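Engineer: First, the structure itself, so that you have it in front of you.
Read the figures in this text as sums done on the coordinates, not as results from a lab. Worth saying up front: this structure is predicted, and the values here are computed from it rather than measured. Virtual Cβ from ideal backbone geometry, glycine too; neighbours counted across all protein chains shown.
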Amino acid sequence: MLDRIRTAALFGLHQATVAIGISLFPVAMFARNQLGINLPVHRLVETTAEAYQDTDE
């Protein structure tokens, strides 16, 4: 039962980070092109994806 809740929570968290990454894309492009700053949103998405995939094992 707790495994299902954990899997669902991680899936929701991963989906939320993907949505945040998509919505921040224009800001990230501006920051990179105009200010020379890289926003590491991809690391957050990759970390949540790995955590979600680990629950399937």
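Engineer: For the stretch 18-28, give me the residue count where each residue is within 30 Å of ASP3 (Cβ to Cβ) and not hydrophobic (A, V, I, L, M, F, W, C).
Structural biologist: 1
Engineer: Moving to a separate point now. State the number of residues belonging to the stretch 21-41 that are in a helix (DSSP H, G or I) and over 21 Å from THR55 (Cβ atoms).
Structural biologist: 14
Engineer: Working only within the stretch 24-49, note down all residues that are among the polar types (S, T, N, Q) and surrounded by 11 or more Cβ atoms within 10 Å (Cβ to Cβ).
Structural biologist: THR47, THR48, listed by residue number.
Engineer: A further question follows. Hey, could you check the stretch 29-53 for residues that are of a type in the set (Gly, Ala, Ser) and more than 14 Å from the chain's Cα centre (by Cα) and say which is farthest from ARG4 (Cα to Cα)?
Structural biologist: Only one residue fits best here, namely GLY36.
Engineer: In the stretch 26-57, how many residues are in contact (Cβ under 8 Å) with a residue 12 or more places away in the chain and touching a helix residue (DSSP H, G or I) at 6+ places or on another chain (Cβ under 8 Å)?
Structural biologist: 12
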